[in-house]
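Every number here is computed from the coordinates shown, using simple stated rules; none is lab data. Every value quoted in this text rests on a predicted model; they were computed, and no experiment measured them. Virtual Cβ from ideal backbone geometry, glycine too; neighbours counted across all protein chains shown.
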Ligand SMILES: [Zn+2]
């Protein structure tokens with residue numbers, strides 16, 4: 001008997017009754033003219049046609065439907081024919097409908113743990129956040145089916161690579177940037193089609209800055225960084241205004257009054273920034289991912305004012321922000337990055353008091369993180385500049401006048417390579433390892449070029465604040481953004497994860513051992529060489545980026561666990577180690593850890609950060625001071641992890657622990673209700689305060705102290 005090829009490619013037995021029934025349905029619900037004789041005749045005719053076919057020429061369902069349609073016309077049943085067509089169209093529409101129904105419905109029912117815990121800065125139980133997450137599910141679905149080549153989607157699903165931020169890739173928006181805040185403040189900007197002129201005082205400048213931050217974060221998905229030094233000029237303007245206002249007073253009184261007024265304005269301006277950023281909710285369903293770069297640039301025209309602003313930011317952060325109970329807690333935003341330089345590190349340096357404020361603040365509130373200007377200049381052609389958001393770094397780039405330019409530049413996006421899977425697949429065979437690595441790198445390149453393709457046809461209208469009004473550029477309306485993506489102006493990042501596990505698999509030892517480190521350095525140099533050659537070939541700013549792996553440390557491990565089984569120290573522990581970092585369980589002192597990781601920072605120049613886990617240091621600031629000085633002398637970018645939690649039930653102020661069932665629990669009263677505690681932890685370069693996925697929670701539980 002004849003077989004029919006169904007739409008999904010499988011076959012089924014030819015059945016004339018199905019044809020007859022379909023025609024009868026169309027007659028009944030479509031034209032209303034039921035003629036069962038005609039239905040039977042058409043079915044019989046088609047059966048006759050196909051029973052003479054040889055076996056290898058199997059008809060498809062589609063061909064049969066075409067025949068039915070033509071025969072209905074022949075028999076004069078035009079209305080039925082149309083109804084039959086319409087039914088087919090509806091059926092086909094239903095087949096093509098998206099695959100997100102389940103994920104979205106479980107999301108609004110608060111049952112989609114995976115999406116809910118993917119980003120520890122989004123609270124998925126809130127309607128406003130859910131709308132962003134729903135848009136993300138739709139974007140992922142369409143990107144997977146229509147925008148990203150099938151073999152890249154497959155590699156992503158198999159955990160060979162991770163195509164980051166698929167939940168935003170449907171829109172031509174990019175990852176993270178350094179906001180050109182100097183241009184926006186000095187030359188004015190436009191927000192929501194309204195002109196915002198250059199501010200005449202510090203307080204107004206601070207307000208404008210928070211408005212800019214809100215707008216910027218809604219038009220991109222990653223972090224934004226602002227260099228606070230550009231506010232120095234506005235504090236000087238306020239001082240000049242007070243001096244003019246009080247010109248009639250005696251000099252001594254005038255000076256005192258000016259100082260007093262200026263201090264008051266400084267405090268209230270900085271408070272505006274801190275409170276606005278913490279209370280804002282962007283269209284991305286979270287507080288804006290903002291980094292304030294605290295750089296007291298030696299020799300800057302407004303060096304004195306900048307130091308005052310930086311110090312005030314640190315003093316206010318040390319105090320904290322009040323939670324719903326009115327208790328001061330550690331806020332997650334903005335991230336603060338403090339620059340250690342010759343004018344603030346030596347004990348007798350002019351701004352040493354600001355560094356003291358920074359150390360005191362880190363001990364209690366985790367931030368600021370530290371950049372050593374000295375080490376950074378060695379790596380980036382003498383330049384000091386902010387990471388974009390948490391850890392992404394630009395490569396030096398010169399404009400047409402031969403001047404280095406960093407602010408106004410951005411990162412297009414990230415694709416991360418799972419190094420552990422390369423090692424798992426190689427099964428200990430070194431030749432195989434390098435071959436697979438080559439293949440995977442080719443795949444990453446292709447995936448990254450897809451990112452560029454998704455962006456390159458966009459015009460400046462996609463986000464006027466970025467492209468038309470100074471955030472990144474001053475393009476005209478409808479002008480293409482493509483030229484800014486090219487010639488190394490923007491970066492595009494190859495991320496990597498699991499250097500530790502990779503080395504363990506290939507060398508049977510940790511990468512902190514001599515042999516282990518040698519192997520690791522060889523691998524990371526290979527990755528760097530790949531990005532360098534891609535940059536040369538395409539002109540795009542490929543960079544090597546140590547992936548933070550917030551949710552990815554869990555995702556890759558879960559996929560590999562299913563595929564390769566439980567392997568001690570690798571898949572069995574439930575998470576992978578991010579980038580080149582030392583295994584979180586390894587006993588190593590803070591100084592050795594920083595020194596070891598510093599070598600990788602010199603190669604992973606598109607993104608890196610190192611941390612040390614420290615106990616409560618509020619009573620031992622001297623030890624922390626030693627560490628900070630060590631950072632200044634030895635490593636470009638580092639941070640401290642400490643614990644500063646709060647229990648609403650018993651007012652416990654200390655470390656909320658993770659118990660053996662991997663639940664957060666107050667050690668004083670046993671409270672386990674996450675909505676009744678404040679827990680702030682370093683998830684990647686950023687702090688997170690909305691809890692973490694299972695793998696990340698296990699990783700946090702495993703962290704050992706380094707001091
Ligand atoms: Zn408690």
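Between 0 and 90 degrees, the angle of helix 36-51 with respect to the longest Cα principal axis of the chain falls at about 80 degrees.
Spacing of the modelled spin labels on residue 254 and residue 564, each 7 Å from Cα toward Cβ, amounts to 7.4 nm. Can you tell me the 0 to 90 degree angle between the C-alpha axis of helix 202-218 and the longest principal axis of the chain, rounded to 10? On a 0 to 90 degree scale, this one is about 20. A full extension of the chain between residue 10 and residue 70 corresponds to an added length of 19.1 nm, given 0.36 nm per residue minus the alpha carbon distance. So if R0 is 22 Å, what FRET efficiency would residue 157 and residue 453 give, r being the distance between their Cβ atoms, rounded to the nearest 0.05? After rounding, the FRET efficiency stands at 0.60. Each peptide in 169-177, 69-77, 248-256 receives the mean, over its residues, of other Cβ atoms within 10 Å, and ordering these scores from highest gives 169-177, 69-77, 248-256. When peptides 38-47, 494-503, 310-319 are sorted by average Cβ neighbour count within 10 Å, with the highest value leading, the order is 494-503, 310-319, 38-47. To the nearest ten degrees, helix 232-245 and the longest principal axis of the Cα atoms of the chain are 50 degrees apart.
With R₀ fixed at 56 Å, the C-beta to C-beta distance from residue 89 to residue 592 puts the FRET efficiency at about 0.25. Computed over segment 101-147, the quotient of the alpha carbon radius of gyration and 2.2 N^0.38 Å is 1.10. Taking a ≥ b ≥ c as the square roots of the Cα gyration tensor eigenvalues, segment 3-96 comes out oblate, since a/c reaches at least 1.5 and a/b does not exceed b/c. Extension gain for residue 462-residue 279 works out to 63.3 nm (0.36 nm per residue, less the C-alpha to C-alpha distance). Shown is the FRET efficiency for residue 328 and residue 526, computed with R0 = 41 Å from the Cβ-Cβ distance and rounded to the nearest 0.05: 0.30. Before anything else, pin down the relative contact order of the chain: Cα pairs under 8 Å, at least 6 apart, normalised by residue count, whole percent. Averaging sequence separation for qualifying contacts and normalising by length gives 13 percent for the chain. Modelled this way, with points 7 Å down the Cα-to-C-beta line, the labels at residue 701 and residue 663 are 1.2 nm from one another. Could you tell me which of rounded, prolate or oblate describes the chain, using a ≥ b ≥ c as the square roots of the eigenvalues of the alpha-carbon gyration tensor, with rounded for a/c under 1.5 and, failing that, prolate when a/b is larger than b/c and oblate otherwise? Note, shape of the chain comes out prolate. The relative contact order of segment 3-96 comes to 35 percent, based on Cα pairs under 8 Å that sit 6 or more residues apart.
As a check on your grasp of the helix formula, calculate [θ] at 222 nm for the chain: sum -39500 (n - 2.57) over DSSP H runs of n ≥ 4, divide by the residue count, round to the nearest 500.
-14500 deg cm²/dmol
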